[in-house]
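S.K.: Dumping the structure here so I can ask a few things about it.
The values are calculated or read from the model by the stated rules, or taken from the named source; none is laboratory data. Treat the numbers as computed from the prediction; the structure is a model and nothing was measured. Cβ placement follows ideal geometry from the backbone for every residue including glycine, while neighbour counts extend to all protein chains displayed.
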């Protein structure tokens, strides 16, 4: 009888051991992570936007016009230009005098020289490189870009008493070798933009008569 009791107790012990083992949670070894992308906080840069190609060149400062320039009108009193006006007159069935008058109206200016240096603009009676006398000067800041048949860059003078409070500039360019730009000026942006058909032009010091003739014939 004792032997049977001992056998029963042994069997109960084995059963209890198995029950406890089945109830325990087994820790499964963790697999090394295969995801190597770790998210960290980084500084964000501005996304590029669709801007006018001129703005992409940064025409919000006066560097594009840096240097001394002379008015196109200073190149008109030579025989080669007279012939150009006559050629245009023949095509348009008018007179050379009328063509010259229209060209003068389109290009007329109060000053024949202009110089850009940093944010300072100086205006001269004659080009600085021809020892022209200074008329006035002012510092200018970019205001905005305006599309009005052409692309204009509007600059306003810092000084309240500036002789030319507003400048409207077109990008300086090289057209058939003619390094030039067109501009307008006035008391206000509204006044400047209202002067449709008025395109004073300024050229680089090494400009030739042939290049001006090309501009007239164009």
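S.K.: For residues that are over 18 Å from residue 144 (Cβ atoms), in contact with a helix residue (DSSP H, G or I) (Cβ under 6 Å, 6 or more places away or on another chain) and assigned to a strand (DSSP E or B), tally how many sit in the stretch 186-202.
M.R.: The total comes to 1.
S.K.: A further question follows. Determine which single condition residue 129 fails, assuming it passes every other condition in (1) surrounded by 13 or more Cβ atoms within 10 Å (Cβ to Cβ); (2) in contact with a helix residue (DSSP H, G or I) (Cβ under 8 Å, 6 or more places away or on another chain); (3) modelled with pLDDT under 95.
M.R.: (2)
S.K.: Answer yes or no as to whether residue 105 is in contact with a helix residue (DSSP H, G or I) (Cβ under 6 Å, 6 or more places away or on another chain), farther than 22 Å from residue 64 by Cβ and surrounded by fewer than 19 Cβ atoms within 10 Å (Cβ to Cβ).
M.R.: no
S.K.: Look through the stretch 110-121, keep the residues that are in contact with a helix residue (DSSP H, G or I) (Cβ under 7 Å, 6 or more places away or on another chain) and within 12 Å of residue 71 (Cβ to Cβ), and return whichever of them is surrounded by the most Cβ atoms within 10 Å (Cβ to Cβ).
M.R.: 113
S.K.: Does the stretch 135-160 hold any residues that are in contact with a helix residue (DSSP H, G or I) (Cβ under 8 Å, 6 or more places away or on another chain) and closer than 18 Å to residue 110 by Cβ, and which are they?
M.R.: Answer for the stretch 135-160, where residues must be in contact with a helix residue (DSSP H, G or I) (Cβ under 8 Å, 6 or more places away or on another chain) and closer than 18 Å to residue 110 by Cβ: 140, 155.
S.K.: Could I ask something else about it? Limited to the stretch 203-214, what total is found for residues that are under 16 Å from residue 170 (Cα atoms) and assigned to a loop (DSSP other than H, G, I, E, B)?
M.R.: The number of residues fulfilling the criteria is 1.
S.K.: How many residues does the stretch 124-146 hold that are in a strand (DSSP E or B) and touching a residue at least 24 places away in the same chain (Cβ under 8 Å)?
M.R.: Residues that pass the stated criteria total 8.
S.K.: Residue check: is residue 173 free of Cβ contacts under 8 Å to residues at least 24 places away in the same chain, closer than 15 Å to residue 201 by Cβ and exposed (fewer than 14 other Cβ atoms within 10 Å of the Cβ)?
M.R.: Yes, satisfied.
S.K.: Let me ask you something else. Anything in the stretch 187-208 that is surrounded by 16 or more Cβ atoms within 10 Å (Cβ to Cβ), without any contact (Cβ under 8 Å) to a residue 60 or more places away in the chain and farther than 15 Å from residue 141 by Cα? List them, or say none.
M.R.: Scanning the stretch 187-208 gives 192, 193.
S.K.: Then there's this: I need a count of the residues in the stretch 58-104 that are touching a strand residue (DSSP E or B) at 6+ places or on another chain (Cβ under 7 Å) and not in a helix (DSSP H, G or I).
M.R.: Residues in the stretch 58-104 being touching a strand residue (DSSP E or B) at 6+ places or on another chain (Cβ under 7 Å) and not in a helix (DSSP H, G or I): 9 in total.
S.K.: Residues that are more than 32 Å from the chain's Cα centre (by Cα) and either modelled with pLDDT of 95 or more or farther than 18 Å from residue 180 by Cβ (or both): does the stretch 70-77 have at least one?
M.R.: yes
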